[in-house]
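A quick write-up on the structure given underneath.
The values are calculated or read from the model by the stated rules, or taken from the named source; none is laboratory data. Since we're looking at a predicted model, the values are computed, not measured. Quick reminder, even Gly has a Cβ in these numbers, built from the backbone with ideal geometry, and neighbours come from all protein chains shown. What goes into the accessible areas is simple: the full protein's heavy atoms, side chains included, and nothing from ligands, DNA or RNA. Shrake-Rupley method; radii C 1.70, N 1.55, O 1.52, S 1.80 Å.
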Amino acid sequence: MGSYVPPRRVTNHDLEQILDTSDEWIRTRTGIVERRVVNEGVVTSDLALAAAKAALADAGLGPADLDLIVVATGSPDMLWPSTACVLQGKLGAGCPAFDVSAACSGFVYGMSLVEGLVAAGQYETVLLVGADALSRHLNWNDRSTCVLFGDGAGAVVIRRVDGEGDMLGSVLRADGRDADILKIPAGGNAIPPSTESVEAHLHYITMNGREVFKFAVRTTCAIVEEVLGRANVALDEVTYVLFHQANQRICDAAAEGLGLPKERVPGNIDKYGNTSTASIPLLVDELYRAGSLEAGNIIVTVGFGAGLTWGANVVRWSKGGHG
């Protein structure tokens, strides 16, 4: 495992200086206290590179040991080449590389994909990175979105090994009928970049917060129950359920719906905000570094986001934390 967040902190009090908002308003509605934001010139592949290097060091491997690189991101450096190819070049690796685009569900989607490729014997050692610099796509005059997001990256090395580690079950879902409730409208073929699109602020994140909230609460409990059934694992066997860190109220509602105490639903949204594809690997790495994960622990990771997409994985952890 490895993760990285940029050093620049933007607190709620900082946002009070530029927006009609308050620390109390943001805390009570989102659970966020501060978020990390990239400096000028720093891009998504830079965040991915730092997390990737940390994960490779943790695994005792080098770039030459990789057979595949997959980057889950909703804020690529550019439309093409893929951010994974840019990362491959920065690492000095020589393996295939491609991106996964499933917004905030990207890491969960990527885990399911990579596990299947490794299990099928196509690749032995795969680097999966979830990285986003969504601050680049925020209208800092729109308090409904700019207070929510932060930047960061998390990475994991997945290998075919003997021992405890295993993917026990995975469920992925999507519903494109609601694609409009969370999107970046311009920049693709539908609305190519133009002076008009920039002036209309169409390159920023737009969101129907109420509908996103209802979608997330509705789907999270159901998909946890579904993936546990597929994995033949009981909820009381699970050490942690790790929700995408989008909003503390969503996580609390889902935990209550599942009957889980807070200690089994850890979070870090207060420190980082919504880091999109990075949020789950950031949280896993934080638990790992703190010594809170032991070999044989079962964790459930749950993602949800634009698309609409959602998904869950059940993983048996393979090694103890650093302590």
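Scanning the stretch 287-295 finds no residues that are more than 19 Å from the chain's Cα centre (by Cα) and free of Cβ contacts under 8 Å to residues at least 24 places away in the same chain.
Here is the figure for the stretch 151-187: residues that are more than 24 Å from V227 (Cβ to Cβ) and open to solvent by 70 Å² or more (accessible area, probe 1.4 Å) total 3. Just a yes or no: is a residue in the stretch 55-70 among the β-branched types (V, I, T) and within 13 Å of L134 (Cα to Cα)? Checked against the condition, which is being among the β-branched types (V, I, T) and within 13 Å of L134 (Cα to Cα), the stretch 55-70 yields no hits at all. For first residues located in the stretch 192-205 and free of Cβ contacts under 8 Å to residues at least 60 places away in the same chain, partners that are open to solvent by 70 Å² or more (accessible area, probe 1.4 Å) and lie 6+ apart or on another chain with Cβ distances below 9 Å form the pairs L202/E196. Filter the stretch 213-223 down to the residues that are touching a helix residue (DSSP H, G or I) at 6+ places or on another chain (Cβ under 6 Å) and aliphatic (A, V, I, L, M), then identify the one that is least open to solvent (accessible area, probe 1.4 Å). So the residue we want is A216. Candidates in the stretch 75-122 are the residues that are among the aliphatic types (A, V, I, L, M) and touching a Gly at 6+ places or on another chain (Cβ under 8 Å); of these, the one that is surrounded by the most Cβ atoms within 10 Å (Cβ to Cβ) is V108. Output yes when any residue across the stretch 76-96 is touching a residue at least 40 places away in the same chain (Cβ under 8 Å) and more than 27 Å from R289 (Cα to Cα), and no when none is. Within the stretch 76-96, one or more residues are touching a residue at least 40 places away in the same chain (Cβ under 8 Å) and more than 27 Å from R289 (Cα to Cα).
Which ones in the stretch 143-177 are within 24 Å of L308 (Cα to Cα) and basic (K, R)? Of everything in the stretch 143-177, those that are within 24 Å of L308 (Cα to Cα) and basic (K, R) turn out to be R143, R173, R177. Total residues in the stretch 151-180 satisfying the condition of being part of a strand (DSSP E or B) and farther than 19 Å from G110 by Cβ: the figure is 0. As a summary of the residue check, E24 satisfies the conditions (1) in a helix (DSSP H, G or I); (2) of a type in the set (D, E, K, R); (3) surrounded by fewer than 19 Cβ atoms within 10 Å (Cβ to Cβ); (4) within 24 Å of the chain's Cα centre (by Cα) except for the one numbered (4).
Considering every residue within the stretch 35-55, establish whether at least one is under 14 Å from R143 (Cα atoms) and not charged (D, E, K, R). No; the residues of the stretch 35-55 include none that is under 14 Å from R143 (Cα atoms) and not charged (D, E, K, R).
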